[in-house]
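**Q** Below: one structure in structure tokens.
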Ligand code: GLC
Ligand code: CA
């Protein structure tokens, strides 16, 4: 099972601008984070992942870095950072930085120089090309709508940006770029950070010659993911980064790698690959999209059989060969309880059921700020209340192609990244305890009902349920390392599985909907000796586990000891 501290850890993701504001300017900051470290320690988290806090003009909330080795003044100073790191370490927690190596801000001095002239020494730090037939060099579509190419008059060439035009892609074919990036990563490691999330790392290599993508619909831009995602050479570059820099530190790394399945993921995280510890997969994030090709905005209902198939694939393929990073929400996704649960009638139970799912899978659980109190999607009425560049670009593009406001807003209510970016709801006071000023983005109006102060006081709250789940992980190695086996693969409402490590076995039973199906225990399992470890409902005396009627969104985890060598111990 190859034990590692990062396999036994629970990660808590902070979106700094929305976490805690210490100075009343309406934007979260490092001193705000410091003031909440006791809250996080108390919850039991081990690692804090902080989204980018580097100097940045903020066109994509920090994912557009203009100085990798400085802190954005809105978040504080380098002294504040050093203090935060010390305070995290002194509480026995660790810090994972979010590093954007695929692109910089257009205001990064490298790009400012690069665009000066074709013979500027920094020209080849970015990807510049001449136009073709009076238009951009190829037909690739950006993640944030429109072409990936931006025309720059000064030198009469285009630069490539997979994200917004304020985020030019770095040219990883240039060894000078690689040297600079390595140097910078080493600089942070020497400061004592404990790991990195590598943003958009799957995209650092683009297909040779930047060819057009096939264009079946005849539109001007095409989703060309396969021409800039997970290409072979990415692995050479990551191994190089590992051997030259990462190898020397006991850290944790996770890559953001959309568009791959578990077998491909093993190329990044397989034991002995010398690349990354984990990757974030996206397959389950596309369950409610009409097709991967149509993008995220085309929303359809998701189904449980597909979820089981995807998660089981990851669980079984990576077991003993790599390691999973499990998540249901982050700063780019809608709130998990609104998406996979019921945030109206069963917010409490369904949030706890989803938490059980997240924490009982094999892999490191990543939870996102506010998830532990069951925060929900924001769904603002007016587009004017949205801040996210992806959402705003999408809105404009759809409006320009004649789609009605109502229809666009429907998709935005379900999928906008701002759903997860409203300020953390600390208490029921004005500003939700997040700020004494005017928040940079509106609060979710339900903060009076849903907030951390209330949740901490209520022993039955979602918060306390998460706390218990995290504590259980520390007590039972089987939660960390146990092998997964799916039960009832074709049941449309119940997701059940076992986890087995030597003589310990867990049985996890989750009702994913608001109906009341009966769980029937498979023949090869026995209820004898099963002890209830955690559940989101009180259980009645004399229940028959062999045939157990489940209540809406009910979750149960049992543990038992099985004789070594017994049938059940083999799976
Ligand atoms: C990643 C980040 C996202 C950002 C993008 C560009 O997908 O998670 O927030 O917009 O990369 O850096
Ligand atoms: Ca502030």
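**Q** Can you grab the distance from the C-alpha centre of the stretch 438-516 to the C-alpha centre of the stretch 127-179, Å, no decimals?
**A** 43 Å
**Q** Under the classification rounded if a/c is under 1.5, otherwise prolate if a/b is larger than b/c and oblate if not, where does the stretch 11-61 fall, given a ≥ b ≥ c as square roots of the Cα gyration tensor eigenvalues? Numbers along the way, then the final one.
**A** Details: a/c = 2.91, a/b = 1.50, b/c = 1.95.
It comes out oblate by the Cα gyration axes.
**Q** Run the numbers for residue 541 and residue 396: contour at 0.36 nm per residue of separation, minus the present Cα-Cα distance, in nm.
**A** Working: separation 145, 0.36 × 145 = 52.20 nm, distance 5.79 nm.
Extra length from residue 541 to residue 396 when fully extended: 46.4 nm.
**Q** With r as the distance between the Cβ atoms of residue 502 and residue 41 and R0 = 41 Å, compute the FRET efficiency 1/(1 + (r/R0)^6) and round to 0.05.
**A** Numbers: r = 31 Å, r/R0 = 0.76.
Calculated transfer efficiency: 0.85.
**Q** Kindly rank 151-159, 535-543 from highest to lowest mean number of other beta carbons found within 10 Å of each residue. Before the final figure, lay out each step's value.
**A** Details: 151-159: 15.0, 535-543: 11.2.
The packing order, highest mean first, is 151-159, 535-543.
**Q** Between residue 112 and residue 78, what is the label-to-label distance in nm when each label sits 7 Å out along the Cα-to-Cβ direction?
**A** Label-label distance for residue 112 and residue 78, simple model: 1.7 nm.
**Q** Still on this structure, please answer the following. Compute the FRET efficiency between residue 561 and residue 344 as 1/(1 + (r/R0)^6), taking r as their Cβ-Cβ distance and R0 = 41 Å, and round to the nearest 0.05.
**A** Working: r = 41 Å, r/R0 = 0.99.
With a Förster radius of 41 Å, E is 0.50.
**Q** Just subtract the alpha-carbon distance of residue 306 and residue 23 from 0.36 nm times their residue separation and send over the number in nm, one decimal.
**A** Gain on extension, residue 306 to residue 23, equals 97.3 nm.
**Q** Where in the stretch 234-264 does the amide nitrogen come within less than 15 Å of the point 7 Å from the Cα of residue 273, taken along Cα to Cβ?
**A** Counting backbone N atoms under 15 Å from the label point, the list is 234-243, 253-264.
**Q** List the extent of the Cα atoms of the stretch 151-254 along each of their three principal axes, largest first, rounded to whole Å.
**A** Largest to smallest, the principal-axis extents are 50, 32, 21 Å.
**Q** Subtracting the Cα-Cα distance from 0.36 nm times the residue separation, let me have the gained length for residue 179 to residue 514 in nm, one decimal. Numbers along the way, then the final one.
**A** Working: separation 335, 0.36 × 335 = 120.60 nm, distance 5.43 nm.
Taking residue 179 through residue 514 to full extension adds about 115.2 nm, to one decimal.
**Q** In the stretch 68-214, how does Rg compare with the Kirkwood Rh, expressed as the Rg/Rh ratio over alpha carbon atoms?
**A** Using only Cα positions, Rg/Rh for the stretch 68-214 is 1.04.
**Q** In whole Å, what is the distance between the alpha-carbon centres of the stretch 274-314 and the stretch 55-73?
**A** After rounding, the separation between the Cα centres reads 30 Å.
**Q** When only Cα pairs under 8 Å and 6 or more residues apart are kept, what is the percent relative contact order across the stretch 1-73? Could you put the intermediate results ahead of the total?
**A** Numbers: 96 pairs, mean separation 19.3, N = 73.
26 percent.
**Q** For the chain, what does the relative contact order come out to in percent, with C-alpha contacts under 8 Å and a separation of six or more?
**A** Details: 1163 pairs, mean separation 72.5, N = 571.
Averaging sequence separation for qualifying contacts and normalising by length gives 13 percent for the chain.
**Q** Taking the Cα centre of each part, how many Å lie between the stretch 236-267 and the stretch 359-385?
**A** 26 Å
**Q** When the distances between all Cα atoms of the stretch 337-473 are binned every 10 Å from zero, what whole-number percent does each bin get?
**A** Going out from 0 Å in 10 Å bins, the stretch 337-473 shows 12, 36, 32, 17, 4, 0 percent.
**Q** Roughly how many nanometres apart are two label points built 7 Å out from the Cα toward the Cβ at residue 486 and residue 320?
**A** Placing both labels 7 Å beyond Cα along the Cβ direction yields 2.0 nm.
**Q** Can you tell me the 0 to 90 degree angle between the C-alpha axis of helix 462-475 and the longest principal axis of the chain, rounded to 10?
**A** 80 degrees
**Q** Could you work out the pair-distance distribution P(r) of the chain from its alpha-carbon pairs, with 20 angstrom bin width and percents rounded to whole numbers?
**A** Once binned at 20 Å, the Cα pair distances of the chain give 20, 55, 23, 2, 0.
**Q** Helix 389-400: angle to the longest alpha-carbon principal axis of the chain, degrees 0 to 90, nearest 10?
**A** 70 degrees
**Q** In addition: Just the Kirkwood number for the stretch 1-134, please: inverse of mean 1/r across all distinct Cα pairs, in Å, one decimal. Before the final figure, lay out the partial values.
**A** Working: mean 1/r = 0.0595 Å⁻¹.
Kirkwood hydrodynamic radius for the stretch 1-134: 16.8 Å.
**Q** If one takes the longest principal axis of the Cα atoms in the chain, at what angle in degrees, from 0 to 90 and to the nearest 10, does the Cα axis of helix 78-90 lie?
**A** It is inclined by approximately 20 degrees.
**Q** Okay, next question. How high is the FRET efficiency between residue 215 and residue 247 when r is their beta carbon distance and R₀ equals 41 Å, given to the nearest 0.05?
**A** Values: r = 43 Å, r/R0 = 1.04.
It comes out at approximately 0.45.
**Q** Note down the nm distance, to one decimal, between modelled labels 7 Å out along Cα→Cβ at residue 86 and at residue 384.
**A** Calculated label separation equals 4.6 nm.
**Q** Hey, what number do you get for the chain at 222 nm if only DSSP H runs of n ≥ 4 count, each worth -39500 (n - 2.57), divided across all residues, to the nearest 500? The partial results should precede the final answer.
**A** Numbers: 16 runs with 156 residues, N = 571.
For the chain, the value works out to -8000 deg cm²/dmol.
Throughout, read-outs are computed from the coordinates displayed, never taken from laboratory work. Predicted model, so just to flag it, every value in this text is computed and none were measured. Here Cβ is always computed from backbone atoms with ideal geometry, including for glycine, and neighbour counts include all displayed protein chains.
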